[in-house]
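Just below is one structure, and these are the notes that go with it.
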Amino acid sequence: MTATAEETTPQVVLDTFSGIALAAAAANVVMQLARLPIGHGVAESKVESGRVDKHPVKRARTTLTYIAVAMLGSEDERKAMRQEVNRAHRQVRAKEPVPYNAFDPELQLWVAACLYFGVEMIYEILYGKPTPEEAAELYRYGARFGTTLQMKPELWPPDRAAFEEYWQDGVRKIEMDDVTRAYLRDLTELRFLHAPVRIGLGRFHTFMTLGFLPQPFRDELGYEWTPRDQRRFDRLTRALARANRLMPRPAREFPFNVYLHDFRRRIKSGRPVV
């Protein structure tokens, strides 16, 4: 996957683009929505076109395209994505019962932090701990998850140590009520899908989602996670890492590479990208 950016994309960033990351997608959504204003804003949004429970395929395309453009796109491409996201976010606001504005920079920082946390976690599962130089490069690129929204660059914690402080403080602030917990449990268990898909994949999806979540989020959702569950999850992620190493790069990068290509085609043809 070649970036048309002003600088060469570091290998550590390219390595995070693996289709295996899709296994952690729902867990990342749970983390983002575990802040009560965001959870309510999404769970009670009247803008159905952006809801994963109403349009899961479209929502997946939008999110994965955003991740690919944020990390691999040129400045012009990130600007185009920002404009499209802005257009969609103007409709996502709430005053009651929990005030929410999709343009809130602090909440955008939390969303960006969750995306970065997920990228870092996937890299470590697939390749082990990065070197200090690789970790610093990956973290620097992580700021793009926020700045491709409306977050000012200075809001991104200056280094990984500062990010860890921010993250731990953010985890202490997570909160779900009945509305957001029900919404996120439905997402975790795939209750919004048709019965054959839900029955066939629901339990496995729940297991994978919980496996990728830190314990405080599992607790807030109300799920149990045992040492036996953790051992099963560790065995599975080791197998996924082995499979990732055996795949040729285009196969590893699917579907991110396809969505990035589609984004560039949509830009050239003037079609909507969100």
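The values are calculated or read from the model by the stated rules, or taken from the named source; none is laboratory data. Just so it is clear, the model here is predicted, and its values are computed rather than measured. Reconstructed Cβ throughout: ideal geometry from the backbone, glycine too, with neighbour counts over all protein chains shown.
Condition check ((1) modelled with pLDDT of 95 or more; (2) among the charged types (D, E, K, R)) across all residues:
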| site | (1), (2) |
| --- | --- |
| Trp156 | yes, no |
| Arg160 | yes, yes |
| Val171 | yes, no |
| Val197 | no, no |
| His205 | yes, no |
| Met208 | yes, no |
| Phe217 | yes, no |
| Arg231 | yes, yes |
- prompt: Listed residues Leu240, Leu193, Leu210; which is under 23 Å from Asp177 (Cβ atoms), touching a residue at least 12 places away in the same chain (Cβ under 8 Å) and either of a type outside the set (Val, Ile, Thr) or surrounded by 15 or more Cβ atoms within 10 Å (Cβ to Cβ) (or both)?
  reply: Leu210
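Is it the case that some residue within region 198-206 is touching a residue at least 40 places away in the same chain (Cβ under 8 Å), in contact with a helix residue (DSSP H, G or I) (Cβ under 8 Å, 6 or more places away or on another chain) and under 29 Å from Arg140 (Cα atoms)? Let's see the steps before the verdict.
Of all residues in region 198-206, those touching a residue at least 40 places away in the same chain (Cβ under 8 Å) come to 205.
In the following step, the residues that additionally are in contact with a helix residue (DSSP H, G or I) (Cβ under 8 Å, 6 or more places away or on another chain) were identified as 205.
Next, only the ones that are under 29 Å from Arg140 (Cα atoms) stay: none.
The answer is no, given that none of the residues of region 198-206 is touching a residue at least 40 places away in the same chain (Cβ under 8 Å), in contact with a helix residue (DSSP H, G or I) (Cβ under 8 Å, 6 or more places away or on another chain) and under 29 Å from Arg140 (Cα atoms).
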- prompt: Does region 243-260 hold any residues that are free of Cβ contacts under 8 Å to residues at least 24 places away in the same chain, surrounded by 14 or more Cβ atoms within 10 Å (Cβ to Cβ) and not in a loop (DSSP other than H, G, I, E, B), and which are they?
  reply: Val258
- line: Of those in region 159-182 that are within 20 Å of the chain's Cα centre (by Cα) and not in a helix (DSSP H, G or I), the residue surrounded by the most Cβ atoms within 10 Å (Cβ to Cβ) is Met176
query: Of the residues that sit in region 183-203 and are outside any loop (DSSP other than H, G, I, E, B) and basic (Lys, Arg), which one is nearest to Phe117 (Cα to Cα)?
result: Arg185
query: Considering Tyr100, Tyr66, Tyr116, which residue is more than 18 Å from Phe192 (Cβ to Cβ) and modelled with pLDDT of 95 or more?
result: Tyr116
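Among the residues of region 261-274, write down those that are in a helix (DSSP H, G or I) and either more than 22 Å from Arg59 (Cβ to Cβ) or not charged (D, E, K, R) (or both). Spell out how you get there, then give the answer.
Quick first cut of region 261-274, residues in a helix (DSSP H, G or I) only: 261-269.
Result: His261, Phe263, Ile267, Lys268, Ser269.
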